[in-house]
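Only one structure is covered here, and it is reproduced in the block below.
The values are calculated or read from the model by the stated rules, or taken from the named source; none is laboratory data. Please read these numbers as outputs of a predicted model, since none were measured by experiment. Cβ atoms come from the backbone with ideal geometry, glycine included; neighbour counts cover every protein chain shown.
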């Protein structure tokens, strides 16, 4: 059998621009002093959360590696959602440098293409973390090629130590890997919610061992004893049952599309109503969504007791006026009133009893 000759991917000087620790490769694009003063920071997993990447097959992996920036496809609505967050953040804080970081399991050789794609979408990240899997192409490290929990936890902690002590982080992931577990473990590690022996047990269960385990606890000693995680959004790329996420508390919002995330962010005063309209419009114009699908997404959040009465009553006329939902549309059930808030954030509605953050999450048993 003759093997097809693959095109050669040119090596770049990424090593000269990166900080490397084990298989975590960090690229910084905005000077660190501006990172250190940001009070609200956004963390976005790139694969299947922002970009529609396909790593399940060699064909999909090769396509992801070789395609040009302009060919890379977004998860529907994500570009509009990030631009909305950027615009609203700049209005609220009266600053230009939007503090958003991306984390990817892609190799650092792809960094230039990834950043060019983000720039094409109108986004300039503060930083990007890549996984140097070439280091794992050794007999004793091959198992780490597909293991992301240790890598992503280390990346998050590397980021955390350079942020202000009172920072609030909003985090995006998906259900194709273990992002909800990673973000909640990160929260536990930062807040010292559990002792080291318990965390070691959980981390070892997820194949975080040896030097990586040591580095994670070394980084824990360098960060403030506070919980920086304000909200966790999980894109249901694999259509996992949303009820699975109830065990992680109401701080975690599983969403079926970017419009649902935009609605929740609007309720928490993170974006404006015109931003919600822009996200819905992008889904319809660029990704073939229908008004029925927009209505179904809105109704789903009402039925799950995510959106309260005031938010629903304010956003429906806006969506009607822009013809994004049908005139006279009404939800299948009446929305509930807001019961619990923290500043502008909605923590619970009438009749919702799940905790915002559970005292202890069962990380070991995953009943999906």
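Quick rundown of the values:
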read-out	value
Condition check for residue 239: over 12 Å from residue 180 (Cα atoms), within 18 Å of the chain's Cα centre (by Cα) and at pLDDT 95 or above	no
One residue from 333, 364 being in contact with a helix residue (DSSP H, G or I) (Cβ under 7 Å, 6 or more places away or on another chain) and under 30 Å from residue 205 (Cα atoms)	364
Some residue of region 337-345 being modelled with pLDDT of 95 or more, in contact with a helix residue (DSSP H, G or I) (Cβ under 8 Å, 6 or more places away or on another chain), surrounded by fewer than 20 Cβ atoms within 10 Å (Cβ to Cβ) and in a helix (DSSP H, G or I)	no
Selected residue (only one of 316, 294, 232 is over 16 Å from residue 76 (Cβ atoms) and touching a helix residue (DSSP H, G or I) at 6+ places or on another chain (Cβ under 7 Å))	232
Among residues of region 234-247, those that are surrounded by fewer than 24 Cβ atoms within 10 Å (Cβ to Cβ) and outside any loop (DSSP other than H, G, I, E, B), counted	6
Those residues of region 189-217 which are buried (at least 18 other Cβ atoms within 10 Å of the Cβ) and either free of Cβ contacts under 8 Å to residues at least 12 places away in the same chain or in contact with a strand residue (DSSP E or B) (Cβ under 6 Å, 6 or more places away or on another chain) (or both), in sequence order	none
Residues of region 320-354 that turn out to be in contact (Cβ under 8 Å) with a residue 40 or more places away in the chain and touching a strand residue (DSSP E or B) at 6+ places or on another chain (Cβ under 9 Å), as a count	8
Hits in region 34-63 (condition: at pLDDT 75 or above and surrounded by fewer than 20 Cβ atoms within 10 Å (Cβ to Cβ))	34, 36, 37, 39, 40, 52
Single unsatisfied condition, residue 66 versus (1) more than 23 Å from the chain's Cα centre (by Cα); (2) under 30 Å from residue 279 (Cα atoms); (3) modelled with pLDDT of 85 or more	(3)
Complete set of residues in region 14-35 that are assigned to a loop (DSSP other than H, G, I, E, B) and either in contact with a strand residue (DSSP E or B) (Cβ under 9 Å, 6 or more places away or on another chain) or closer than 15 Å to residue 113 by Cα (or both)	17, 23, 29, 30
Residue 316 being free of Cβ contacts under 8 Å to residues at least 60 places away in the same chain and assigned to a loop (DSSP other than H, G, I, E, B)	no
